[in-house]
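Quick notes on the structure that follows.
The values are calculated or read from the model by the stated rules, or taken from the named source; none is laboratory data. Values in this document were obtained by computation on a predicted structure and should not be read as measured data. Cβ placement follows ideal geometry from the backbone for every residue including glycine, while neighbour counts extend to all protein chains displayed. Ligands, DNA and RNA are excluded from the accessible area calculation, which covers all protein heavy atoms including side chains. Shrake-Rupley method; radii C 1.70, N 1.55, O 1.52, S 1.80 Å.
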Amino acid sequence: MSYFAAILYMEKPELNDKFRSQHLAYLESQEQAGKIFARGPFLDGAGGMVIYEADSLVEARELAEKDPYVAEGVRRLELHEWNKS
């Protein structure tokens with residue numbers, strides 16, 4: 001299992017509240033499935049980060065792109081493999 005940091009930059013703040021409950025429900029479901037190591041917003045309002053646990057970059061990208069914030073264009077996704085040391 002590897003770790004992948006999904007950085008979610010704010011793109012459309014006017015849509016943030018509209019999709020917030022769907023975003024949080026999605027993250028909760030993935031957390032319950034054991035696919036999230038950590039998650040949270042940036043304090044400056046620039047977006048947030050989710051650290052996924054996945055077998056590959058492909059799996060992590062699939063998980064991240066299903067997040068309603070990403071799927072609806074509210075946030076821009078940047079994904080990197082992360083070395084938890």
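Values as computed for the structure displayed
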item	result
Residue in segment 68-77 that is buried (at least 19 other Cβ atoms within 10 Å of the Cβ), out of contact with any strand residue (DSSP E or B) (no Cβ under 6 Å at 6 or more places or on another chain) and of a type in the set (Val, Ile, Thr) present	yes
Where a residue in segment 38-61 is within 13 Å of residue 8 (Cβ to Cβ) and in contact (Cβ under 8 Å) with a residue 40 or more places away in the chain and its partner, wherever it lies, is open to solvent by 90 Å² or more (accessible area, probe 1.4 Å) and not in a strand (DSSP E or B), with Cβ under 9 Å and at least six apart	47/11; 51/84
Test: residue in segment 15-30 that is within 22 Å of residue 85 (Cβ to Cβ) and either open to solvent by less than 40 Å² (accessible area, probe 1.4 Å) or at pLDDT below 95 (or both)	no
